[in-house]
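> Take this structure first; my questions come after.
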Amino acid sequence: MKIAVLMRAVPDPVEELEIDGADLDRDFLGYVLNEFDDHALEEGLLLKEETGGTLTAFALGSADEVEQMLHTAIAKGADSAKKLGDDLDAVDAHAQAATFVSAIRDGGYDLILSGVQASDEIDGQVAMLVAASLDLPHVSVVVGTSPGEGSLRVTKEYWAGITADYDVATPAVLGIQTAREAPRYVAVARIRQAQESGALEEVDIEQPENSSGVTITAMRLPEAGEGAEMIEGDEEAAAGRVLEILQAAGVR
Amino acid sequence: MSNDILVYVEHLNGEVTDATYELLATARALAAQTGGGVDAAAIGAGVSALTASLGGADRVLVAETDALGAFNPQGHAAAFSELVAAREPALVLVPYTSIGMEIGNQVAVANGLPLVSYCLSVDASSGLSATCQLYSGKVEADVTVDGDRAVFAMLAGSASADDGRSGGAGAAETVDVTIPDLAVSFVEIHEPEGGDVDITAGEVLVAIGRGIESEDNIEEAQELADALGAPLAASRPIIDQGWLPKTRQVGKSGLTVKPKVYLALGISGAPEHLEGMRDSATIIAVNSDPQAPIFGVAHYGWVGDIFDFIPELTDRLDG
């Protein structure tokens, strides 16, 4: 099985965000691998191991973290890794999908995996846009797969713990929410080895135009703590007040 | 094109979902702006029975097809795309759910329409615009849409489901759809497994999120939960890492809880999480990020390090 995994860098979810006009202030913003893409990579690696296939990791963007993401993918077991373009930080999901499509279209992949969503995809979800552009079958919110002959059994999560199994004929695209197993750990030494191996390939791709028809005109941070009584002081003050609240609620 | 609003009817096991009723409420307000009607498209085997509860729509487009006995990401999207192409509604509404996101993306691409995700509200009074939640609920964005038609994927809680539920039975109109050869076939559905701790039963719930940082720190949160006699629950990232079992997950993919007190530790408050706990009687949130959306639904909040707070409260409870 020939597998492609599509990965994106997104603003670190634990960072405080600041707004600059109609976008984030990106000057000092830290990026991390989209967590769902991390699960897509893990599911891809498990399938590669089960089927004796190959896995190529693709990633978008100019952030330093993108190379780190790809080196990590190699260290974890990807056979090759490709960095697409170098000026793609603020493009929309349609442009990201178009970039991925131009990179994978002629690759003969049996399976294309990506995260089910990313926190900045205002104009659609990349995995599904890629599937629609390539006219391939697609299942999203996938929480597990198992390989069959010419098809895959995939488990899709609906909500509230309800899931359903589907058989999907390959080639196909899957939007992964959670891999069967937690994303594997890889030692820093292995990542450094990958860095030095020169296995990372940079692919020069012309930056596509944003073509989604959706334009962000303003961004703002929601009012913090609107309605909440904010407790002042140190942790002792906080613990004391929380104890009072627990007592007032009759649970203590 | 018409001035109508077309709602995708999401249904599972013969029941229309709350998310659909929320869409109908939103669609009613939008129809007043466009001067059109509200259509609801119900696709699949046995959907005629759903019209009895779809009076929130002016018309229910009933696409009965034995080929789609259960939800099929490919089949339902193809059938709905065909209806959108034939009816040319001004606005198409889908829920931003496991089912709705499959439909929304494919329908938008198939019909060459813009798609707006993560929508909190939509306005069609002067051109098309929407307000959306990005970056896991940390940012609100206003967007405009080119042209006069688009697909909107609405977040849960964007309107009142009760408003969309009113009206009794809908007026049915039978429509034909063509189901293509399917590369995706439904096998079976799985209901959640029970066992473990029932987090919906506790009067107090201690819930941890990404802020717990590593599996080694779970124990400290467990000690606090034990001191309170409360189950330990978590948001999705913790469950996905395998640090706690799936039965402990609060939110859209997990369980909905309504304890007397919900103590959220290191949980930023992504919309998917808030969906599962916002109706708790008292919500106390501790987070180091003063902008964390959890403070938007909390009744009490403290901005600080959970690793300072947890042992301090545990000591007081044990003492």
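> Which whole-Hz ³J(HN,Hα) couplings does region B:260-271 yield from phi under the Karplus relation 6.51 cos²θ - 1.76 cosθ + 1.60, θ = phi - 60°, glycine and proline marked x?
Residue by residue, region B:260-271 yields 5, 10, 10, 9, 9, 10, x, 9, 6, x, 4, x Hz.
> Going by a ≥ b ≥ c, the root eigenvalues of the Cα gyration tensor, does region B:204-318 fall in the rounded group (a/c under 1.5), the prolate group (a/b larger than b/c) or the oblate group?
Since a/c stays below 1.5, the shape of region B:204-318 is classed as rounded.
> Which one, A:GLY213, A:ALA199, A:ILE231, projects farthest toward the positive side of the charge dipole computed for region A:197-244 from Cβ point charges (K/R +1, D/E -1)?
Highest projection toward the positive end goes to A:GLY213.
> Based on Cβ point charges of +1 for Lys and Arg and -1 for Asp and Glu, what charge dipole magnitude is obtained for chain B about its Cα centre, in debye rounded to the nearest 20? Can you show the working numbers first?
On the way: 15 positive and 45 negative charges, 151 e Å.
The dipole magnitude comes to about 720 debye.
> May I pose another question? Measure nothing but the geometry: give the 0 to 90° angle between the long axis through the Cα atoms of A:64-76 and the longest principal axis through the Cα atoms of chain A, rounded to 10°.
On a 0 to 90 degree scale, this one is about 60.
> I need A:VAL188, B:VAL16, A:VAL126 ordered by Cβ neighbour count within 10 Å, fewest first.
Least to most surrounded, the residues fall as A:VAL188, B:VAL16, A:VAL126.
> What is the fewest-to-most order of B:GLU188, A:GLU16, B:GLU275 by other Cβ atoms lying within 10 Å of their Cβ? Intermediate values should be presented prior to the final figure.
Numbers: B:GLU188 9, A:GLU16 13, B:GLU275 19.
If I rank by nearby Cβ atoms, fewest first, I get B:GLU188, A:GLU16, B:GLU275.
> In debye to the nearest 20, how big a dipole does region B:63-221 give about its Cα centre with +1 on each Lys and Arg Cβ and -1 on each Asp and Glu Cβ?
760 debye
> Can you give the calculated 222 nm mean residue ellipticity of chain B, where each DSSP H run of n ≥ 4 adds -39,500 (n - 2.57) and the sum is split over every residue, rounded to the nearest 500 deg cm²/dmol?
Calculated at 222 nm, the ellipticity per residue is -8000 deg cm²/dmol.
> Mind running the shape call on region B:78-159? Use the C-alpha gyration tensor, a ≥ b ≥ c as the square roots of the eigenvalues: rounded below 1.5 for a/c, prolate if a/b tops b/c, oblate otherwise.
oblate
> So, one more: PRE reach from B:SER2 (point 7 Å along Cα→Cβ): which of region B:41-69 fall under 15 Å by backbone N?
B:41-42, B:57-63
> Follow-up question, since we're still on this one. Counting alpha carbon pairs within less than 8 Å and at least 6 residues apart, what relative contact order, in whole percent, applies to chain A?
24 percent
> In the protein assembly as shown, what percentage of the DSSP-assigned beta bridges are antiparallel, given to the nearest 5?
Among the beta bridges of the protein assembly as shown, antiparallel pairing accounts for roughly 35 percent.
> Still on this structure, I have one more. Farthest toward the dipole's positive end in chain A, which of A:LEU60, A:GLY150, A:ILE19, given Cβ charges of +1 (Lys, Arg) and -1 (Asp, Glu) about the Cα centre?
Of A:LEU60, A:GLY150, A:ILE19, it is A:GLY150.
> In percent, how large is the relative contact order of chain B, given Cα pairs closer than 8 Å and 6 or more residues apart? Before the final figure, lay out the partial values.
Numbers: 739 pairs, mean separation 48.9, N = 319.
Relative contact order for chain B comes out at 15 percent.
> Continuing with the same structure: Can you tell which of B:GLY167, B:VAL297, B:TYR8 lies farthest toward the positive end of the dipole of chain B, using +1 and -1 charges on the Cβ of basic and acidic side chains (Lys, Arg; Asp, Glu)?
B:GLY167
> Continuing with this model, one more query. Roughly how many debye, to the nearest 20, is the charge dipole of region A:140-191 about its Cα centre, given +1 on each Lys and Arg Cβ, -1 on each Asp and Glu Cβ, and no other charges?
260 debye
> Need one value for B:129-142: mean number of C-beta atoms belonging to other chains within 10 Å of its residues' C-beta atoms.
Mean partner-chain Cβ count within 10 Å for B:129-142: 6.
> Once you have a ≥ b ≥ c as the square roots of the Cα gyration tensor eigenvalues for chain A, tell me rounded if a/c is under 1.5, and otherwise prolate or oblate according to whether a/b is larger than b/c. The partial results should precede the final answer.
Values: a/c = 1.74, a/b = 1.48, b/c = 1.17.
Judged from the Cα gyration tensor, chain A comes out prolate (a/c at least 1.5, a/b above b/c).
> Separation between the B:ILE189 and A:GLN207 pseudo-spin-labels, each 7 Å from Cα along Cα→Cβ, expressed in nm?
Result for the modelled spin labels: 4.7 nm.
> Only counting other Cβ atoms within 10 Å, I'd like A:ARG190, B:ARG236 sorted with the fewest neighbours first.
Ascending number of Cβ neighbours within 10 Å: A:ARG190, B:ARG236.
> At what distance in angstrom do the alpha carbon centres of region A:138-197 and region B:252-319 lie from each other?
Each part reduced to its Cα centre gives a spacing of 31 Å.
Coordinate-derived values only; no laboratory data. Please read these numbers as outputs of a predicted model, since none were measured by experiment. Note that each Cβ is placed from the backbone with ideal geometry, even for glycine, and that neighbours are counted across all protein chains shown.
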